[in-house]
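Please find one structure pasted underneath; my questions will follow.
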Amino acid sequence: MNNTSKKNDKNIKASAFYMVGNLFNKALAFFTIPIFTRLLTTSEYGIAQTYLSWVSILTLIVGLSLGNSIRTAYVDFHDDIEGYMSSIFGLSLLSFLVSSALIIAGMFIFGNIDIILVICCLIQSYFQFVATAMTTKYMMKVDYIRKTLLLALPNLTIQVIAIFTIMNMHGDKKYFGYIIPYAAVYMVVGIYFVISSFIRGKKPLNKLYWKYALTYSLPLIFHGLSLVLLSSSDRIMITNLYNSSEAGVYSLIYNLSMVAMAVTASLEAVWVPWFTRKLMTGEKSTINKNITKYLEIALVLMLCLMFVAPEVVKIMATKQYYSGIYMIPPLVFASYEMYMYTVYVNVEYYYKSTKYIAFNTIVAAITNIVLNFIFVPLYGGMAACFTTVISYMVSFLMHSKHSRKLDRELFPLKQFAVPTLIFIIAIIIAYLLMEFWIVRWIIAIVGFIFYAAYALLTKRFSNFLKQ
């Protein structure tokens, strides 16, 4: 087998592995929700979920968002990527120690927060950053086996340990049985990667790499924080401006709609290395030719999800959540908008235009908050669904405009018009058929079978992966 055939085979295997790993993670998270909501009181479950929200914020701060620089570093320092990895782990470890000291000192001065919670949160935040950085490295190397294992195994281990721990705990702090396994597992995994990276790379204090990483990554801290705000502000504002019950319904539907992101994350894990290689060699016409395929496979899968999701909600939840089925179409569409705008974000990453990535995301987050403030008191969770759609559309248009300034030859806006129009028409059909579940399921199943047969017969995606 020649080198080209080996690379093609690797791409095909990578796409399959990523898909399985991401779907496994999303399915595990979704199907364990009923278990943990029964093992924990609503208060304990709320503390645990709030803890994870703080982890997502602190991961960006203690890690300085340095993992995002690995994409371009893989191009600029390809021959010394191990040295670069050891360098960002050295810098992030310093940041982690300083941040931890300041946060713990501030806690004693200004707050009365459980010290164990704070320590667990800091530990998990740093080592979760380490694990995420390693998955980015494996993605760029197309090391699909290690990336998939790193996605799936820690999560599976955490869920199993957490269920066992909670069941054997007593008292009113069972949330520690949920939290400690997260911190412990990520700490074990993270320590292994940091030590092994220091041994292989041998450059934990490289000032050149530190300057490169900071210049690239610091603006992305604001991008990451804005993304967290964009995804969590809806629930916070629904609780405060409408009621907590509506926020619970919205949260369940939002989590279900984000299952589609398992598919898009898998596709992006194959697309980004391929896109980077093609852009490095100037094959822009090949990139533009294949973006249609990249958009259409996510379109088909998300439309199928949208048509069958109402019955999934009825199986997974009680009747109190049934009103949320009308929130499904716009939230799934919002997921597709996120997928579309990352196409342009990848261009901005390649050209190291991270300041504009951060600025665009901040504008989208502010748009979402302002619209929620106006409409959520009037229309509740449904308003939040459509404000999310508008906010992601603002983000898409801003990223596309800036990306086109960076490289006018890539991704004409018209390539996104057809899938967007198809999705809008499908949303109308989904609402018209909301009470006719058999018709919706037939459309989804038959449509998927026809598309899969068409893709297989024309070798549509194997031909793309072989380019």
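What residue, of Ala383, Ala364, Ala334, Ala358, is over 26 Å from Leu301 (Cα atoms) and of a type in the set (Gly, Ala, Ser)? Before the answer, list the steps.
Values: Ala383 fails: over 26 Å from Leu301 (Cα atoms); Ala364 fails: over 26 Å from Leu301 (Cα atoms); Ala334 fails: over 26 Å from Leu301 (Cα atoms).
Going through Ala383, Ala364, Ala334, Ala358 in turn, the sole match is Ala358.
Further question on the same structure: Tell me, please, whether a residue that is more than 18 Å from Met134 (Cβ to Cβ), part of a helix (DSSP H, G or I) and in contact with a Lys or Arg (Cβ under 8 Å, 6 or more places away or on another chain) can be found in the stretch 156-176. Steps first, answer last, please.
Of all residues in the stretch 156-176, those more than 18 Å from Met134 (Cβ to Cβ) come to 159-176.
The next check asks that each one be part of a helix (DSSP H, G or I); those that pass are 159-167, 175-176.
Cutting the leftovers down to in contact with a Lys or Arg (Cβ under 8 Å, 6 or more places away or on another chain) gives us 166.
For the stretch 156-176, residues more than 18 Å from Met134 (Cβ to Cβ), part of a helix (DSSP H, G or I) and in contact with a Lys or Arg (Cβ under 8 Å, 6 or more places away or on another chain): present.
Restricting to the stretch 138-177, what's the tally of residues that are surrounded by 15 or more Cβ atoms within 10 Å (Cβ to Cβ) and in contact with an Asp or Glu (Cβ under 8 Å, 6 or more places away or on another chain)?
The total comes to 2.
Pairs please, first residue from the stretch 289-312 and farther than 17 Å from Ile425 by Cα and among the charged types (D, E, K, R), second anywhere and open to solvent by 10 Å² or more (accessible area, probe 1.4 Å) and part of a helix (DSSP H, G or I), Cβ atoms under 8 Å, 6+ apart in sequence or on different chains.
Sorted first by the residue in the stretch 289-312, then by its partner, the pairs are Lys293/Arg460; Lys293/Phe461; Lys293/Phe464; Glu311/Trp437; Glu311/Trp441.
Could you count how many residues in the stretch 372-393 are open to solvent by 10 Å² or more (accessible area, probe 1.4 Å), of a type in the set (Val, Ile, Thr) and closer than 18 Å to Glu337 by Cβ?
The number of residues fulfilling the criteria is 2.
Inspect all residues belonging to the stretch 201-209 and state whether any of them is closer than 28 Å to Thr361 by Cβ and at pLDDT below 95. Please lay out each step first, then the result.
First, pick out the residues of the stretch 201-209 that are closer than 28 Å to Thr361 by Cβ: 209.
Next, only the ones that are at pLDDT below 95 stay: 209.
Scanning the stretch 201-209, I find at least one residue that is closer than 28 Å to Thr361 by Cβ and at pLDDT below 95, so the answer is yes.
Is there any pair linking a residue in the stretch 129-146 that is at negative phi to one that is aromatic (Phe, Trp, Tyr) and at pLDDT 80 or above, with Cβ under 6 Å and at least six apart or on different chains, and which?
Close Cβ pairs (under 6 Å, with a partner that is aromatic (Phe, Trp, Tyr) and at pLDDT 80 or above) amount to Val130/Phe193; Met134/Phe193; Met140/Tyr74; Arg146/Tyr138.
Follow-up. I'd like to check something: does the stretch 368-378 contain any residue that is closer than 30 Å to Tyr212 by Cα and either part of a helix (DSSP H, G or I) or free of Cβ contacts under 8 Å to residues at least 40 places away in the same chain (or both)?
No: zero hits.
Right, another one. Please determine, by comparing only the residues of the stretch 46-67 that are open to solvent by 50 Å² or more (accessible area, probe 1.4 Å) and out of contact with any Cys (no Cβ under 8 Å at 6 or more places or on another chain), which one is nearest to Leu229 (Cα to Cα).
Let us first name the residues in the stretch 46-67 that are open to solvent by 50 Å² or more (accessible area, probe 1.4 Å), namely 47, 49-50, 53-54, 61.
The next check asks that each one be out of contact with any Cys (no Cβ under 8 Å at 6 or more places or on another chain); those that pass are 47, 49-50, 53, 61.
Numbers: Ile47: 18, Gln49: 15, Thr50: 13, Ser53: 10, Ile61: 14 Å.
If we take residues in the stretch 46-67 being open to solvent by 50 Å² or more (accessible area, probe 1.4 Å) and out of contact with any Cys (no Cβ under 8 Å at 6 or more places or on another chain), then Ser53 is nearest to Leu229 (Cα to Cα).
Does Met134 meet the test of being farther than 30 Å from Thr41 by Cα, in a helix (DSSP H, G or I) and touching a Pro at 6+ places or on another chain (Cβ under 8 Å)? Spell out how you get there, then give the answer.
Numbers: farther than 30 Å from Thr41 by Cα: yes; in a helix (DSSP H, G or I): yes; touching a Pro at 6+ places or on another chain (Cβ under 8 Å): no.
In short, no.
If Phe307 satisfies all but one of (1) surrounded by 20 or more Cβ atoms within 10 Å (Cβ to Cβ); (2) at pLDDT below 85, what's the number of the condition it fails?
Here Phe307 clears every test but (2).
So Leu102 clears everything in (1) closer than 30 Å to Ile315 by Cβ; (2) surrounded by fewer than 20 Cβ atoms within 10 Å (Cβ to Cβ) except one condition, right? Which one?
With respect to (1) closer than 30 Å to Ile315 by Cβ; (2) surrounded by fewer than 20 Cβ atoms within 10 Å (Cβ to Cβ), Leu102 is out only on (1).
Now, a different point. Select from the stretch 73-117 the residues that are at pLDDT 85 or above and among the polar types (S, T, N, Q) and write down the one among them that is nearest to Leu205 (Cα to Cα).
Ranking the qualifying residues of the stretch 73-117, first place goes to Ser87.
Determine if the stretch 427-447 includes at least one residue that is under 23 Å from the mean Cα position of the chain (by Cα) and open to solvent by less than 60 Å² (accessible area, probe 1.4 Å). Even if it seems obvious, please write down each step before you answer.
Residues of the stretch 427-447 that are under 23 Å from the mean Cα position of the chain (by Cα), as a first pass: none.
Checked the stretch 427-447: no residue is under 23 Å from the mean Cα position of the chain (by Cα) and open to solvent by less than 60 Å² (accessible area, probe 1.4 Å).
May I pose another question? Pick from Ile179, Ile158: which is farther than 26 Å from Ile199 by Cβ, in contact with a Pro (Cβ under 8 Å, 6 or more places away or on another chain) and touching a residue at least 24 places away in the same chain (Cβ under 8 Å)?
Details: Ile179 fails: in contact with a Pro (Cβ under 8 Å, 6 or more places away or on another chain).
Result: Ile158 is the single residue among Ile179, Ile158 that is farther than 26 Å from Ile199 by Cβ, in contact with a Pro (Cβ under 8 Å, 6 or more places away or on another chain) and touching a residue at least 24 places away in the same chain (Cβ under 8 Å).
Answer with yes or no whether Val343 is of a type in the set (A, V, I, L, M, F, W, C) and crowded, with 18+ Cβ neighbours inside 10 Å.
Yes.
Right, another one. Looking only at the stretch 189-219, count how many residues are of a type outside the set (Gly, Ala, Ser), open to solvent by less than 100 Å² (accessible area, probe 1.4 Å) and assigned to a helix (DSSP H, G or I).
Going residue by residue through the stretch 189-219, those that are of a type outside the set (Gly, Ala, Ser) are 189, 191-195, 198-200, 202-212, 214-216, 218-219.
When the remaining residues are screened for being open to solvent by less than 100 Å² (accessible area, probe 1.4 Å), the result is 189, 191, 193-195, 198, 203-204, 206, 209-210, 212, 214-216, 218-219.
This time we only want the ones that are assigned to a helix (DSSP H, G or I), so: 189, 191, 193-195, 198, 209-210, 212, 214-216, 218-219.
Adding up the residues that qualify gives 14.
The values are calculated or read from the model by the stated rules, or taken from the named source; none is laboratory data. Every value quoted in this text rests on a predicted model; they were computed, and no experiment measured them. Ideal geometry is used to build each Cβ from the backbone, glycine not excepted, and the neighbour counts take in all protein chains shown. Note: accessible area is taken over every heavy atom of the protein model, side chains too, but ligands, DNA and RNA are not part of it. Shrake-Rupley method; radii C 1.70, N 1.55, O 1.52, S 1.80 Å.
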